[in-house]
Amino acid sequence: MTAEPMTSATVPDYGEGTLPDLATSLLASLGVDDAPNPLGLVQARRACLLIVDGLGWELLRAHQAAAPFLSELTNTGRALTAGFPATTVTSLTSLGTGLPPGRHGMLGYQVAVPGRDRLLNGLRWDDQVDPVSWQPAPTIYQRAAAADIAAYRVAARGLEKTGFSLAAMRGATYRPADSLGALVAQASWALAGSDRALVTVYHADLDGTGHVFGSQSEAWSYQLAHVDKLAEQLASSLPSGTALYVTADHGMVDAGPDDRIDVDLVPGLRDGVALLGGEPRARHVYAVPGAASDVLATWQGVLGSRAWVASRDEAIEAGWFGPVDERFVPRIGDVVAAPAGSWALIATKAEPLESSLAGMHGSLTPSDQFVPLLSVTSI
Ligand SMILES: [Zn+2]
């Protein structure tokens with residue numbers, strides 16, 4: 001690891017203020033025994049968690065005019081760290097299980113399937129990987145239901161039965177909603193129909209807009225205004241005895257044309273590499289047998305202070321993934337690379353689509369890591 005950037009990496013503070021801590025605190029606030037409440041959430045009969053994909057804390061603070069409702073809530077809210085990698089697959093599983101990445105095993109956008117010469121794309125999934133075996137821990141929905149708390153997910157219809165959904169968020173009653181208005185209506189229906197309820201609402205379009213246009217674009221600001229209205233409508237539709245929380249799975253960084261390092265073109269970066277996993281701002285690099293130390297030396301030498309580059313053991317030791325279960329260790333790259341600043345480790349041959357995106361996320365900078373925790377309570 002290079003000394004300079006390591007000192008300023010935003011390593012998630014697991015156990016104190018991360019997304020898995022929010023998940024267990026939510027259960028605790030609803031009265032689930034044995035769930036810790038490190039965030040000190042107030043007791044409530046019903047809790048609704050709005051997850052806005054890609055709504056970074058820093059981005060929200062920088063766009064107050066576009067989001068007056070959410071910005072007002074930041075005065076009493078706080079930032080959480082997402083977890084590493086700061087990506088949807090990992091963060092939604094942290095929220096879905098209350099476990100840090102090293103304990104739930106969903107360790108990135110693309111990770112190696114141990115024993116097979118292939119990557120698992122966590123969003124697209126793979127029929128040959130059983131979601132429940134891959135992520136065996138119970139979800140917060142299952143734990144809520146076991147405590148006689150009605151558990152609902154409200155999100156787009158197409159996300160209901162994916163492998164990722166089964167791995168990360170199984171056990172909820174699903175209420176499909178393909179528009180902003182439908183999200184509010186379905187959530188308020190689920191909340192009002194149960195004496196005790198846990199309802200999560202997920203919206204993806206802000207992240208999608210940021211990926212294509214960048215988080216500094218007009219398109220992103222316009223989309224944020226719709227998200228602001230979504231949150232405002234949800235807040236005003238809460239039945240009494242309900243706490244609404246707003247959070248996100250990660251922030252975003254715009255990688256300019258000069259910030260892109262092409263792993264497929266820069267000499268040396270593919271040498272000894274069997275599989276290139278992760279994504280441009282969080283790389284798992286899987287070496288061919290015997291080549292791990294050479295790959296580490298090359299990546300550190302080529303990237304210098306442009307990325308935090310660690311061996312698997314160093315990344316675990318530094319706490320990037322939280323405590324790591326032994327069985328999940330082989331899913332982590334022999335080398336893990338997290339770009340500093342707005343650098344991106346693109347791969348134009350292997351990943352032409354992902355490499356073309358304007359906005360990206362995953363790393364250990366405040367822009368990737370910090371997400372809001374905002375609350376509105378109608379007790
Ligand atoms: Zn994304």
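Laboratory data are not the source of any read-out in this text; all were calculated from the coordinates shown. Note that the coordinates shown come from a computational prediction; the quantities given were computed from them, not determined experimentally. Note that we place each Cβ from the backbone using ideal geometry, even for glycine, and neighbour counts take in every protein chain shown.
Observations
- Helix 218-236 axis versus longest C-alpha principal axis of the chain: approximately 30°, rounded to the nearest ten.
- Going from the residue with the fewest nearby Cβ atoms within 10 Å to the one with the most, Asp271, Asp205 rank Asp271, Asp205.
- For the peptides 161-172, 113-124, 272-283, 42-53, the ranking by packing is 272-283, 42-53, 161-172, 113-124, with the highest mean count of neighbouring Cβ atoms within 10 Å listed first.
- Sorting 8-14, 229-235, 358-364, 255-261 by their mean Cβ neighbour count within 10 Å, with the most densely packed peptide first, gives 358-364, 229-235, 8-14, 255-261.
- For the chain, a Gaussian network of Cα nodes joined below 10 Å ranks Leu159, Leu107, Leu224 by mean-square fluctuation, and the top entry is Leu159.
- 0 to 90° range, to nearest 10: angle between helix 88-97 axis and the chain longest Cα axis: 50
- Where only DSSP H runs of four or more residues are counted, the chain gives -9000 deg cm²/dmol as its mean residue ellipticity at 222 nm, each run worth -39500 (n - 2.57).
- Around His203: net Lys/Arg minus Asp/Glu count, Cβ-Cβ under 13 Å: -4
- Cβ-derived FRET efficiency at R0 25 Å, Glu317 paired with Asp13, nearest 0.05: 0.95
- Amide H partners (placed H, <5 Å) of Leu49, local residues excluded: Val199, Thr200, Val201, Tyr245
- Nearest-ten-degree value, helix 19-29 long axis tilted from longest Cα axis of the chain: 20
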